[in-house]
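The values are calculated or read from the model by the stated rules, or taken from the named source; none is laboratory data. If you're wondering where the values come from, they're calculated on a predicted model, not measured in any experiment. Note that each Cβ is placed from the backbone with ideal geometry, even for glycine, and that neighbours are counted across all protein chains shown. In case anyone asks, the SASA skips ligands and DNA or RNA and just uses the protein heavy atoms, side chains included. Shrake-Rupley method; radii C 1.70, N 1.55, O 1.52, S 1.80 Å.
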Amino acid sequence: MKKSLFIVAALFLHSFLCSAIEGVTLKGHIVDPENNPQPFATVLLKSSIDSSLYKGEITNDKGQFLFENVKEGDYYLLINIVGFERKIVNSVHISFSNPIVDLGTIKMKAGAKELATVNIQADKPFIEQQTDKTVVNIENSIIQNGSSIMEVMEKLPGVMVDQNDKISLRGKQGVIIMIDGRPTGMAGQDLATMLKGIPSSNIQKIEIITNPSAKYDAAGNAGIINIIMKKNKREGYNGSVSAGFGQGRYSKYNGSLSLNYKNKNYNFFLNYSYSKRLGFNNLTIDRKFYNNDTINTIYRTENYILYPTESHSPRVGIDFYLSPKTTLSLLGSGGTMKFRPEGTDHTNILDGNEQLIYSYDFESVSKDNWYNYSGNAELKHQFDSTGQEVIVNLDYANYWSNNSQSFLTTYHNADGSFMSQDDLLNEQKSDLSLYSLKADYSKPLKKDYSFDAGLKSSYVTSDNNIRFYSRFNNEETFDSARSSHFLYSENINAAYVNLKKNYKKFSYQLGLRSEQTIARGKQVMNSRTFNRSYIQLFPTAYIDYKISEKHNINVSLGRRIDRPAYEQMNPYRSLINATTFSEGNPYLLPQLTYNTELSYSYNNMFFANFTYSLTSDNITDVLIQDSETQTTTQTVVNLNKLNFYSLNLTFSKKLTKWWNTNTSLLTYYGEYSGVIKNNYINQGTPSIYLNTNNSFFIIDGLSAELGFRYSHKALNGITTELTTYNLSAGIQKTVLKKKGTITVNMTDILWSAYPRGVTEFDNVREDWVAKRDTRVLNVSFSYKFGKGKSAKMRKNTGADDEKGRIKG
């Protein structure tokens, strides 16, 4: 490992020392017809031989551009500015005999005045297939308007959400959720609750990356879902406001405000969103315990939980332009959320002849208050116009919560008479802090090579204190058997290198990432501890071949890791109802995955992706049913391996002048094998997933959208999730000189998108259905104000992917 780090550091240092490449400086000055300088113009330097892109640059606030270290040859310039005709400057000859080439003043010609942003967005498809990722343009979707981010997740191509709000991608769990390039800082139910509290009106687009490069953290065997939030990117003073109302079984409200001001010295932005939603989860369970082939006992449960949430999410940032090549960015965000779930649960316990033995009622009331804030500082410096740059990120984040719960269980005899009662109180305080430092360096080399390298270190501390009290005759007694105090710390140190080579029709990229993990956990109540320390290498390889103008093939390989979420290793046993518990596993190991993917594209219209992955020590959520005590424990275990195959076909095309379609068909098969509670399993089920989204242009300013999603039954560990489907439709009208937009849509029109399934293990079978408030009629209005020209603006920070493993 020391030798590997030495090589990485040596390459990193060598690139800095060799930054000077012999070449010619090319410069110029771009103005409008009135000789006013034009900042932020895109200037592309292309080869006169084959029109291949050599370098790109953006003019500074004085309209000046500068290309350094240009090698000998014949070139031409292609210049683009919004509101002006495209400009081509031919016959740019570069020779070492003339070290500085000054093209002088280049005057642009005014273009059509009505080059409106609306027209640009209309041409952008809902789904874009790119070489290394799939981009879903949420801001262009009508039927996504008025939803929460969590509801949007359920409609993304290849993304599925189960009955416990766990997110999977192409049938695989182990997805890293990021917002603006930063991990969310949550996982499990906490992540789901946060995503439910953020309106979709704040989203610009979502990137789905199934096989990330070595530049990304190695976490996430299924890939990365990166949510890009909207930001006003125009010079001067600009902003937008939005408000929405939704009505399903219960009502939902959301609103947002975005302000931006930019000049030549700095760029300031402020975003705020508010959400108040009431949802429900109606879970019915039929759990049968068998003795050989004979039913011994039946548990029938009807559970109904209301989920009221209210959230405030501010976000503020500023970019300082210290020089034409150096930018310092500061970003701060925070959030508060009130979560007040109330649940009722009635369970009948029957014998094998379905005669009632006894029953119980379980009531739960929670008052949860969650808080978070985070800060990021980013320094970006461009050494020259070749693309050589270094980016340094420093991050800090803190997440804490104060939660109180009450659980009342009342038991009844078969005749309905009172049997007994348990009254429990719970107080939970959680605090998590994360520190990270990350540096990324990029450098184009001679002969169309490019080199990337980076270092990072992160440190996480977590303190989760849960105290239970039994209450009898208004007296409270501390219950040490149910209580828990779990301490956890984790340090990850990493380094990576990437080398890329471009040919005329062929390119490849090789990468290697090394990660050292040092983790410690302690359960204070019983003094159980664990310590982990290991180093892993994660190679990646990508090959891209352009067969012809319309045909392209891409092959990628990689190795990834999924470390257990912090709370998955907490041995604490929490109460779900009188006969169901949740328990962590302190002996849980990280899972390691080898991914391969073969992709083919035709005319940027048809895409085919075949993937195979092999996962060892697969982290799997299981329900362990104890037939003797007739209780159920939700926990996580390591299965020996998971063999996973998938084929994804996507068709994206403008069929007519008024109809665009994006349709994908995913088929996949996962084979799980391993031992759970001394029982060996080896099982798999093929599945099909269909997603189609269609947009229709009716008249100028009026459009519509229709979406349909079908998910065939699929196996996830020991649970078979049954078929679901979702039909949604919407219509959108621009008003107020196209500055305002009114959207009306209805999601899950047939009310058939809620999850349902069957869990079978050992001598227990559980059939369950989880109905939710998925059929919702939404009405929303948004308005943009301010004037100005387009300006660049930073979106991403350098926080680490392991933040997404936090659970509350």
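Tell me yes or no: at least one residue of the range 667-682 is in contact with a His (Cβ under 7 Å, 6 or more places away or on another chain) and hydrophobic (A, V, I, L, M, F, W, C).
no
Only one of these is more than 24 Å from the chain's Cα centre (by Cα), assigned to a strand (DSSP E or B) and hydroxyl-bearing (Ser, Thr, Tyr): Thr632, Thr611, Thr620, Thr615. Name it.
The match here is Thr632.
Would you call Glu671 touching a Gly at 6+ places or on another chain (Cβ under 6 Å) and open to solvent by 50 Å² or more (accessible area, probe 1.4 Å)?
Answer is yes for this residue.
When you look at Gly684, is it surrounded by 15 or more Cβ atoms within 10 Å (Cβ to Cβ), assigned to a strand (DSSP E or B) and on the phi > 0 side of the Ramachandran plot, yes or no?
Here the answer is no, as Gly684 does not meet what is asked.
Can you go through Arg482, Arg513, Arg520 and tell me which one is part of a strand (DSSP E or B), open to solvent by less than 60 Å² (accessible area, probe 1.4 Å) and charged (D, E, K, R)?
Arg513
Yes/no matrix, rows are residues, columns are (1) surrounded by 12 or more Cβ atoms within 10 Å (Cβ to Cβ); (2) at pLDDT below 75; (3) at positive phi:
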| residue | (1), (2), (3) |
| --- | --- |
| Ile49 | no, yes, no |
| Ile88 | no, no, no |
| Ser97 | no, no, no |
| Leu103 | yes, no, no |
| Met108 | yes, no, no |
| Gly111 | yes, yes, no |
| Glu139 | yes, yes, no |
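Select from the range 654-668 the residues that are open to solvent by 20 Å² or more (accessible area, probe 1.4 Å) and either over 30 Å from Ile731 (Cα atoms) or part of a strand (DSSP E or B) (or both) and list them in ascending order.
Of everything in the range 654-668, those that are open to solvent by 20 Å² or more (accessible area, probe 1.4 Å) and either over 30 Å from Ile731 (Cα atoms) or part of a strand (DSSP E or B) (or both) turn out to be Lys654, Leu655, Thr656, Trp659, Asn660, Thr663, Leu665, Thr667.
Would you mind telling me which numbered condition in (1) touching a residue at least 60 places away in the same chain (Cβ under 8 Å); (2) part of a strand (DSSP E or B) Asn604 fails?
The failed condition is (2).
Taking the options Tyr274, Tyr253, name whichever one is touching a His at 6+ places or on another chain (Cβ under 7 Å), under 25 Å from Val779 (Cβ atoms) and in a strand (DSSP E or B).
Tyr274
Please verify whether Tyr399 is of a type in the set (Phe, Trp, Tyr), open to solvent by less than 50 Å² (accessible area, probe 1.4 Å) and either closer than 25 Å to Glu567 by Cβ or over 31 Å from the mean Cα position of the chain (by Cα) (or both), treating the condition exactly as stated.
It is true that Tyr399 is of a type in the set (Phe, Trp, Tyr), open to solvent by less than 50 Å² (accessible area, probe 1.4 Å) and either closer than 25 Å to Glu567 by Cβ or over 31 Å from the mean Cα position of the chain (by Cα) (or both).
So, Phe651, is that one of a type outside the set (S, T, N, Q), touching a strand residue (DSSP E or B) at 6+ places or on another chain (Cβ under 8 Å), within 30 Å of Gly246 (Cβ to Cβ) and open to solvent by 40 Å² or more (accessible area, probe 1.4 Å) or not?
Here the answer is no, as Phe651 does not meet what is asked.
Take Ser646 and tell me if it is within 21 Å of the chain's Cα centre (by Cα) and either loosely packed, with under 15 Cβ neighbours inside 10 Å or under 29 Å from Ala519 (Cβ atoms) (or both).
no
On the basis of being open to solvent by 40 Å² or more (accessible area, probe 1.4 Å), of a type in the set (A, V, I, L, M, F, W, C) and more than 30 Å from Ala578 (Cα to Cα), does Leu408 make the cut?
no
Looking only at the range 451-479, count every residue that is touching a Ser or Thr at 6+ places or on another chain (Cβ under 7 Å), hydrophobic (A, V, I, L, M, F, W, C) and surrounded by fewer than 16 Cβ atoms within 10 Å (Cβ to Cβ) and tell me the total.
0
This table checks each residue for (1) closer than 30 Å to Asp217 by Cα; (2) acidic (Asp, Glu).
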site	(1), (2)
Asp448	yes, yes
Asn473	no, no
Ala494	yes, no
Lys504	no, no
Tyr508	yes, no
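Give the range 490-510 a look and list any residue that's open to solvent by 70 Å² or more (accessible area, probe 1.4 Å) and within 26 Å of Glu583 (Cα to Cα), or say none.
Residues satisfying the conditions do not exist here.
Based on what the data block shows, is Asp448 surrounded by 15 or more Cβ atoms within 10 Å (Cβ to Cβ), under 33 Å from the mean Cα position of the chain (by Cα) and among the acidic types (Asp, Glu)?
Spelling it out, it is not the case that Asp448 is surrounded by 15 or more Cβ atoms within 10 Å (Cβ to Cβ), under 33 Å from the mean Cα position of the chain (by Cα) and among the acidic types (Asp, Glu).
For residues that are at pLDDT below 90 and part of a strand (DSSP E or B), scanning just the range 782-791, find the one that is nearest to Glu302 (Cα to Cα).
Ser782
Can you name every residue in the range 508-547 that is small (Gly, Ala, Ser) and at pLDDT 90 or above?
The answer is Gly511, Ser514, Ala519, Ser533, Ala541.
Thr759: modelled with pLDDT of 90 or more and in contact with a strand residue (DSSP E or B) (Cβ under 7 Å, 6 or more places away or on another chain), yes or no?
no
Going through the range 498-541 one residue at a time, which ones are touching a His at 6+ places or on another chain (Cβ under 7 Å) and of a type in the set (Val, Ile, Thr)?
Result: Val524, single match.
If you scan the range 58-86, which residues turn out to be among the hydrophobic types (A, V, I, L, M, F, W, C), open to solvent by 50 Å² or more (accessible area, probe 1.4 Å) and under 12 Å from Gly28 (Cβ atoms)?
Scanning the range 58-86 gives a single hit, Leu66.
Which condition from (1) open to solvent by 30 Å² or more (accessible area, probe 1.4 Å); (2) in a strand (DSSP E or B); (3) of a type in the set (D, E, K, R) is the one that Glu207 breaks?
(1)
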